[in-house]
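Following: one structure in structure tokens, then a few remarks.
The values are calculated or read from the model by the stated rules, or taken from the named source; none is laboratory data. Computed from a predicted model, the values in this text were never measured in an experiment. Backbone-built Cβ (ideal geometry, glycine too); neighbour counts: all protein chains shown. These accessible areas exclude ligands, DNA and RNA; they are computed on the full protein's heavy atoms, side chains included. Shrake-Rupley method; radii C 1.70, N 1.55, O 1.52, S 1.80 Å.
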Amino acid sequence: LENFPVGDPTLSEKELIGNESQERMGLVIDPKSSEYLKNVSARERAPYYEVGTTGDNDELTFKRSGSDQVPFHLKMNHLFGSSPKTILTDKTSPKQFETKPYEASRVEEYLEKVLQLEAVASKDWLTNKVDRSVTGKVAIQQTVGEIQVPLNNLGVMALDYTSKKGMGTSIGHAPAAALIDPGAGSRLSVTESLTNLVWAPLSHGLNGVSLSANWMWPAKNDGENARLYKAVKDISEFTSALGINIPTGKDSLSMAQKYPDGKKVLAPGSVIVSSVGEVSDVSKVITPNLKSTNTGELIYIPFSNGTFALGGSSFGQVLNSLGENTPDTTPEVVVKAFNAIQQLIQEDFILAGHDVASGGLITTLLEMAFPNKNGGADINLTGFNETDIVKILFAENPAVVLQVESIEKVSEVLGQHQVDFTSLGQTTDARNIKLSKDEWQLELSIDDMRDIWFKTSHLLDREQTKPELADQRFANFKEQPLRYRFPKNYTGRFTDYGIDSKRRSATGIKAAIIREKGVNGDREMAYALYLAGFDVKDVHMTDLVSGREDLSDVHMIVFVGGFSNSDVLGSAKGWAGSFIYNEKAKTALDNFYKREDTLSLGVCNGCQVMMELGLIYPELGDDHPRMHHNSSGKFESAFVNVDVQESNSVMFGSLADSRLGIWLAHGEGQFVLPGKPYDYNIPVKYSYEAFPGNPNGSSFATAALASKDGRHLAIMPHLERSIFPWNWAHNEGIKGNEVSPWIEPFVNARNWIKNMHQ
């Protein structure tokens, strides 16, 4: 016990052993390898403690050396012996919930209320504050389209940088439906996870899908154990019939709250299902945004064989009516529909697709149009046998909507799989959705509905962002569409950049990744440099501080992004201090910048450290600009437009007059630049002056600064996370290419160094 790190000497031995704040990574390692691990830990500034040894007595003990007391002593056969079985008894308590009347004439009124429900409304307030590009392997994240709104069906991560294989994941849940029928709730949760996952081409189809089940239940309350039993039994039978498994999950079975006055509140028993499957090609994932305004037909494919039901729906919530009947499905219907859509994706027959879930069919149709500036749809609902227009529009029966170019080809594939579908109508140039069935008609302004849908997010955003900036986000998000202007010679092919993507030999052109504890952008940056033709060296700050590395054989250094030292001293200030207050590190850096044959790049956290160290305009001394907190007062994550300016920048000069999309994720990214724009060398600007297009409020919409001679560059957005078309959150115009224009700055750096040493 004396070998464990203890910050509070008053901790008892029991507290030391059981304190959750003491969580550490524990390894059992051969003593011969311990010295190696100790050295790696020291280099990475990771605490390392040797706390014990293994033996052959089949006992686990914690004690202090030389002490006779053993505060923890466990025999292994007690731990791994037969676990006692818990048997619960309960009685079934059928519940009947009210169905309130509604009127078809009030559909638009109902819709406006449904769109503002937190479960249906925009989640922008959540997605704009989390890093959605880290690793550079993110292929599909939340936001989609020229107007970046969080509507994607699933998430996809590439497995590596060299192939197009990936892993897709999605979730499904139906807590309100489970209140009416726990078995149906289980089936609907599984099915929703599949109607979200189905848009990725899966290497092994439905058979390659695995699920995780997170049970949230107020167990041990009258009737709840019986409901839980039914929910578990039904999900087991359902997934077995689907041919997929649930190998893991989590139980939270105390979802009840007691109050001092004796009142007890039970959470609705539900299961949240996560699905995962291997993706064969991350570039072929179908997104929900409508792709064309003048060609494209919309069709509805059910994943449910029952009649439309409003029980447990968002529509019921706005009426304060849970309902009597909930949608349901069977494994046969789900399997056939899933397999059919997988084949349609493989054969490139689907332009866009979205699942029908929270909010019903009307919400799905609107959401498919929300990411666009133009276009709408003309929808005719006469193909449905149901006569109740409210049920057609708001029922949350599992289903999907496809936008296809040729309904004949799609119909043939669906027929092969014995899958029914209903033709809904066509996309149009008009910025509205027209709905009709027999004598009933409704016309909706897509832009007006999108503002209503975004309203809840805006109100929540005001609680986490400076209110005036949250207001600007709401006013401007739809006025700042992504628009691209690619470099004149851009082809998207590796060979046109002199890139050998399968290179295994050294080129002699050396670059070094400079990293500090806490950075997280080193792997993607190393790969971008390698792909462009550099031999890449990994340099940790401890290498420079100790003198193991002096950068004398390196032609380019890159300070990478992340959160060095967890930003506890402010972004990059601690990292900068590692140079300033360590003689060997400072000397190595100074000598590198004295050379005339070197380049440097700082991205995000690396940009901050370059500005903190005054490396862009050293002649300014203490007046060198530093990075400031974003104008919003919070971390911002976004895929934005930038304009590359005319400049002498070694890396960006050839990209002048282009307009590209790029990822960013930072909390202190504001360039505060006194004076006039021409006082600085600004090679990259945000395309929009106003927030959120200018995500941090930088002077002159500055996204990057270059030194006077163009050799050294500090940039906040992550070009290294944007080098492939599948990295882009909206890849219109480059989808299918091998590489995006963002590889060119790295190639330019390679060529400049090569020419310097010829």
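The rows are residues; the columns are (1) hydroxyl-bearing (Ser, Thr, Tyr); (2) out of contact with any helix residue (DSSP H, G or I) (no Cβ under 6 Å at 6 or more places or on another chain); (3) surrounded by fewer than 22 Cβ atoms within 10 Å (Cβ to Cβ).
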position	(1), (2), (3)
ASN374	no, yes, yes
LEU393	no, no, no
GLY415	no, yes, yes
ASP420	no, yes, yes
LEU435	no, yes, no
GLN441	no, yes, yes
Does ALA701 satisfy the criteria of being at pLDDT 95 or above, aliphatic (A, V, I, L, M) and out of contact with any Cys (no Cβ under 6 Å at 6 or more places or on another chain)? yes
Please go through segment 189-235 and give me each residue that is part of a loop (DSSP other than H, G, I, E, B) and of a type in the set (Phe, Trp, Tyr), ordered by number. TRP199, TRP217
Can you tell me which of GLY383, GLY312, GLY353, GLY306 is surrounded by 20 or more Cβ atoms within 10 Å (Cβ to Cβ) and farther than 19 Å from VAL156 by Cβ? GLY312
Just checking, which of VAL134, VAL156, VAL120, VAL144 is touching a strand residue (DSSP E or B) at 6+ places or on another chain (Cβ under 6 Å) and hydrophobic (A, V, I, L, M, F, W, C)? VAL156
Which of the residues spanning segment 7-28 are open to solvent by less than 70 Å² (accessible area, probe 1.4 Å) and in a loop (DSSP other than H, G, I, E, B)? ASP8, LEU11, SER12, ASN19, GLY26
Mind listing whichever residues of segment 356-369 are buried (at least 24 other Cβ atoms within 10 Å of the Cβ) and either farther than 18 Å from SER445 by Cβ or hydrophobic (A, V, I, L, M, F, W, C) (or both)? VAL356, ALA357, GLY360, LEU361, ILE362, LEU365, MET368, ALA369
Residue check, ILE246 of a type outside the set (Ser, Thr, Tyr), part of a helix (DSSP H, G or I) and either at pLDDT 95 or above or at negative phi (or both): no
What do you reckon, is ASP550 open to solvent by 40 Å² or more (accessible area, probe 1.4 Å) and either within 30 Å of ARG431 (Cα to Cα) or in a loop (DSSP other than H, G, I, E, B) (or both)? yes
Which condition from (1) polar (S, T, N, Q); (2) surrounded by fewer than 18 Cβ atoms within 10 Å (Cβ to Cβ); (3) not in a loop (DSSP other than H, G, I, E, B) is the one that ASN489 breaks? (3)
Residues (in a loop (DSSP other than H, G, I, E, B), touching a Lys or Arg at 6+ places or on another chain (Cβ under 9 Å) and of a type outside the set (Ser, Thr, Tyr)) located in segment 447-481: GLN464, LYS466, PRO481
Quickly run through segment 72-102 and pick out the residues that are outside any helix (DSSP H, G or I), out of contact with any strand residue (DSSP E or B) (no Cβ under 6 Å at 6 or more places or on another chain), hydrophobic (A, V, I, L, M, F, W, C) and free of Cβ contacts under 8 Å to residues at least 24 places away in the same chain. PHE80, ILE87
Report, ordered by the first and then the second residue, all pairs with beta carbons closer than 6 Å, sequence separation of six or more or different chains, a first member in segment 281-301 that is buried (at least 19 other Cβ atoms within 10 Å of the Cβ) and modelled with pLDDT under 95, and a second member that is of a type in the set (Val, Ile, Thr) and not in a loop (DSSP other than H, G, I, E, B). GLY296/THR427
Of everything in segment 636-661, what is open to solvent by 20 Å² or more (accessible area, probe 1.4 Å) and either β-branched (Val, Ile, Thr) or assigned to a loop (DSSP other than H, G, I, E, B) (or both)? Give them in sequence order. GLN645, GLU646, SER647, ASN648, VAL650, ALA656, ASP657
Contact list, first residue from segment 202-227 and closer than 16 Å to SER170 by Cα, second anywhere and open to solvent by less than 30 Å² (accessible area, probe 1.4 Å) and at pLDDT below 95, beta-carbon distance below 8 Å, six or more apart or interchain, is ASN214/SER252
Can you tell me which of LEU115, LEU126 is surrounded by 24 or more Cβ atoms within 10 Å (Cβ to Cβ) and within 27 Å of LEU482 (Cα to Cα)? LEU115
Scan segment 35-59 for residues that are among the aromatic types (Phe, Trp, Tyr) and open to solvent by 70 Å² or more (accessible area, probe 1.4 Å) and jot them down. TYR36, TYR49
Consider segment 397-450. How many of its residues are under 30 Å from GLY185 (Cα atoms) and free of Cβ contacts under 8 Å to residues at least 40 places away in the same chain? 1
Out of ASN681, ASN727, report the one residue that is in contact with a Lys or Arg (Cβ under 8 Å, 6 or more places away or on another chain) and open to solvent by less than 10 Å² (accessible area, probe 1.4 Å). ASN727
Residue within segment 493-515 that is closer than 30 Å to PRO692 by Cα and open to solvent by less than 20 Å² (accessible area, probe 1.4 Å) present: no
Please determine, by comparing only the residues of segment 704-723 that are open to solvent by less than 10 Å² (accessible area, probe 1.4 Å), part of a loop (DSSP other than H, G, I, E, B) and out of contact with any Cys (no Cβ under 6 Å at 6 or more places or on another chain), which one is nearest to ARG626 (Cα to Cα). SER707
Would you be able to say whether some residue in segment 613-620 is assigned to a helix (DSSP H, G or I), surrounded by fewer than 24 Cβ atoms within 10 Å (Cβ to Cβ) and in contact (Cβ under 8 Å) with a residue 12 or more places away in the chain? yes
Suppose the filter is under 16 Å from GLY492 (Cα atoms), under 26 Å from the mean Cα position of the chain (by Cα) and surrounded by fewer than 24 Cβ atoms within 10 Å (Cβ to Cβ); does GLY733 pass it? yes
Hey, among the residues in segment 560-595 that are assigned to a loop (DSSP other than H, G, I, E, B) and free of Cβ contacts under 8 Å to residues at least 12 places away in the same chain, which one's farthest from the chain's Cα centre (by Cα)? ARG595
When (1) within 29 Å of LEU544 (Cα to Cα); (2) open to solvent by 60 Å² or more (accessible area, probe 1.4 Å); (3) touching a helix residue (DSSP H, G or I) at 6+ places or on another chain (Cβ under 9 Å); (4) without any contact (Cβ under 8 Å) to a residue 12 or more places away in the chain are applied to LYS32, the one that fails is (3)
